[in-house]
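The values are calculated or read from the model by the stated rules, or taken from the named source; none is laboratory data. The structure displayed is predicted, hence computed values, not measured ones. As a convention, Cβ positions derive from the backbone with ideal geometry for all residues, glycine included, and neighbour counts pool all protein chains shown.
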Amino acid sequence: MELVNTSAIVTGGASGLGEATARLLAAAGVKVVIVDLDDASGRDVAEAINGVYVHADVTQSDQIIGAIAKATALAPLWSVVNCAGIAWAQRTVGKDGRYESAHDLDAYRKVIEVNLLGTFNVCRLAATAMSHNLPDPDGMRGALLNTASVAASEGQIGQAAYASSKGGIVGLTVPLARDLAVVGVRVNTILPGLIDTPIYGEGPESDAFKIQLAGSVLFPKRLGFTSEFASLALEFLKNSYLNAECVRLDAGIRMPPK
């Protein structure tokens, strides 16, 4: 799929996986719209790549439609990479055995809403816009790439909400690809393992923690680089024969219970 002179939307593009992907797409000649809630970082990244920043919540349809309008004003929208997401850690039953200490249901609902519903919301609206693109010789009009996690199949203790949301994204991949085949839009999902992003912080304590985490990685024994995620993301977008696939990017890790 030809990406030069097209536009892309990257949700969660102000940092981490999304930022690395946005930068690589821009380097490949794509006009990138970064969707995030972190205004300062989002604007900085957009300025660095000659892109556009849009403050938008992925669960709010009107805001996402606004971001799509920004993208299509730059060039036809052919790519979307969904990296926006949140995490939550809490055991299902509290130590004191009281109903009040059971897993916070509102927190569970929020994680599902942002990670799963938000991903689907962006997909359904972006695919609608893509359906108006002039098709290439294969009849293709665009590609969607979603971000799940190895937690989708190996959620750790306390990850019921997060793992549920990421498992939902995996489960969404094939039916969404089947739905969108009629309009020529491909759908794929990456399941990252332990990737070195700002979530782990900075400084000596953070470095020591990351070394400890790397001990559970099969090979190479380190955390992944955001550039490695971005490289795979770009391949998924460019390679026209990749469709309805879920691929782990984890150096062979299988997550332990905790």
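Structural remarks
- Residues in region 66-82 that are of a type in the set (A, V, I, L, M), out of contact with any Lys or Arg (no Cβ under 8 Å at 6 or more places or on another chain), in a helix (DSSP H, G or I) and crowded, with 16+ Cβ neighbours inside 10 Å: ALA67, ILE68.
- Extreme residue, farthest from ASN146 (Cα to Cα), among residues of region 50-67 that are among the β-branched types (Val, Ile, Thr) and more than 17 Å from the chain's Cα centre (by Cα): VAL52
- Any hit, region 179-202, residues being more than 24 Å from SER15 (Cα to Cα), of a type in the set (A, V, I, L, M, F, W, C) and at pLDDT below 95: no
- Residue in region 117-125 that is farther than 19 Å from ILE65 by Cα, surrounded by 19 or more Cβ atoms within 10 Å (Cβ to Cβ) and in contact with a strand residue (DSSP E or B) (Cβ under 9 Å, 6 or more places away or on another chain) present: no
- Residue in region 159-177 that is modelled with pLDDT of 95 or more, over 19 Å from the mean Cα position of the chain (by Cα), over 23 Å from THR21 (Cβ atoms) and surrounded by fewer than 17 Cβ atoms within 10 Å (Cβ to Cβ) present: no
- Selection status of GLU19, within 25 Å of PRO192 (Cα to Cα) and acidic (Asp, Glu): yes
- Within region 160-179, residues that are farther than 13 Å from LEU145 by Cβ have Cβ atoms under 7 Å from residues that are of a type in the set (Ser, Thr, Tyr) and assigned to a helix (DSSP H, G or I) in these pairs: ALA161/TYR108, counting only partners at least 6 apart in sequence or on another chain.
- For ARG186, the requirement of being under 22 Å from LEU77 (Cα atoms), more than 17 Å from the chain's Cα centre (by Cα) and either surrounded by fewer than 15 Cβ atoms within 10 Å (Cβ to Cβ) or of a type in the set (Lys, Arg) (or both) is not met.
- All of ALA46, ALA20, ALA8 fail the test of being crowded, with 17+ Cβ neighbours inside 10 Å, more than 17 Å from PHE229 (Cα to Cα) and out of contact with any Asp or Glu (no Cβ under 7 Å at 6 or more places or on another chain), apart from ALA46.
- Some residue of region 140-150 being more than 14 Å from the chain's Cα centre (by Cα) and farther than 18 Å from ILE9 by Cβ: no
Condition check ((1) surrounded by fewer than 24 Cβ atoms within 10 Å (Cβ to Cβ); (2) farther than 30 Å from LYS258 by Cβ; (3) of a type outside the set (A, V, I, L, M)) across all residues:
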{"residue": "ASP57", "(1), (2), (3)": "yes, yes, yes"}
{"residue": "SER61", "(1), (2), (3)": "yes, yes, yes"}
{"residue": "ALA84", "(1), (2), (3)": "no, no, no"}
{"residue": "ALA89", "(1), (2), (3)": "yes, no, no"}
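- Taken over region 201-250, the residue count meeting the criterion of being in contact with a Phe, Trp or Tyr (Cβ under 6 Å, 6 or more places away or on another chain) and part of a loop (DSSP other than H, G, I, E, B) is 1.
- Within the option set ALA40, ALA26, ALA14, being part of a loop (DSSP other than H, G, I, E, B) and of a type in the set (A, V, I, L, M) holds for one residue only, ALA14.
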